[in-house]
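**Student:** My structure is below; once you've seen it, I'll send some questions.
The values are calculated or read from the model by the stated rules, or taken from the named source; none is laboratory data. Predicted, not measured: the structure shown is a model, and the values here were computed from it. We place every Cβ from the backbone using ideal geometry, glycine too, and count neighbours over all the protein chains shown.
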Amino acid sequence: MHLARRLAVVATSLALAAGTAAVVAPPSSAAAQGHRSLANVLTSDGNRFDHNSGDFDITTEAVLAVLKAKPTSAVSVLTKGNTALTAFVPTDRAFRVLVYDLTGKWLVKERNVFKAVTSLGIPTVETVLLYHVVPGATITARKALKADGAAFTTAQGGKVTVDVISPFSGRIRLQDLDPDDIDPSTVPALLDINKGNKQIAHGISYVLRPADL
């Protein structure tokens, strides 16, 4: 459980540093945008867990679990549609891979994957979720393709770096703070979720890691 311990340390460090670290984000567009929140989008299908590994049930349940335990968590920004942000959202399969790295077991049922994720502890789950959110900017897939080499500061405080893989498919890689893992890339079929609103999301293939694990 080396990975879990390191994430827990990161979570504790961030809690101690809260209120002192400024979050720097790329400028958002001044164009008129809607106010539908990503929370509304993520919970709209009504399915808590299913057999579709390409959607976001585990991310959704993780967000709900954090907000249930910590209603004032910074994760609540996902419910505030008037606040601009961009989320890179791991698919359910991405969390299966993370759990496999932690336990050596490939869990099939999403409910079991979710339980394994939350067993890391709410502070750790919160830390990981916030590392997937870029606050203050609505970054469409088109904008991301023009940001090759840019380092975005996340709501967790760490950075992710954009590496454009294919401008034709709209696919980019996100380099996280763990140099030894496989960096996630955006999923072409899951780009610009909630487009036209201040909060936008892109599906990614693996879970971003906010520390060298």
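**Student:** For region 92-112, which positions are of a type in the set (Val, Ile, Thr) and either surrounded by fewer than 22 Cβ atoms within 10 Å (Cβ to Cβ) or touching an Asp or Glu at 6+ places or on another chain (Cβ under 7 Å) (or both)?
**Tutor:** If the condition is that a residue be of a type in the set (Val, Ile, Thr) and either surrounded by fewer than 22 Cβ atoms within 10 Å (Cβ to Cβ) or touching an Asp or Glu at 6+ places or on another chain (Cβ under 7 Å) (or both), then VAL97, THR103, VAL108 are the ones that fit.
**Student:** When only residues in region 56-80 that are in a loop (DSSP other than H, G, I, E, B) and either modelled with pLDDT under 95 or touching a Leu at 6+ places or on another chain (Cβ under 8 Å) (or both) count, which is surrounded by the fewest Cβ atoms within 10 Å (Cβ to Cβ)?
**Tutor:** SER73
**Student:** Of the conditions (1) out of contact with any helix residue (DSSP H, G or I) (no Cβ under 9 Å at 6 or more places or on another chain); (2) surrounded by 20 or more Cβ atoms within 10 Å (Cβ to Cβ); (3) small (Gly, Ala, Ser), GLY158 satisfies every one except a single condition; which number is it?
**Tutor:** Unmet condition: (1).
**Student:** Just the residues that are in a loop (DSSP other than H, G, I, E, B) and of a type in the set (Lys, Arg), please, taken from region 145-172.
**Tutor:** LYS146
**Student:** For the condition under 21 Å from SER37 (Cβ atoms) and not hydroxyl-bearing (Ser, Thr, Tyr), what is the one hit in LEU102, LEU129, LEU98?
**Tutor:** Residue meeting the stated conditions: LEU129.
**Student:** Go through region 173-197 residue by residue and tally those that are out of contact with any Asp or Glu (no Cβ under 7 Å at 6 or more places or on another chain), at pLDDT 95 or above, more than 17 Å from SER44 (Cβ to Cβ) and part of a loop (DSSP other than H, G, I, E, B).
**Tutor:** 3
**Student:** Between a first residue in region 90-119 that is within 23 Å of VAL133 (Cβ to Cβ) and a second residue that is part of a helix (DSSP H, G or I) and polar (S, T, N, Q), which pairs have beta carbons less than 7 Å apart while being 6 or more apart in sequence or on different chains?
**Tutor:** Matching pairs, first to second residue: PRO90/THR59; ALA116/THR103.
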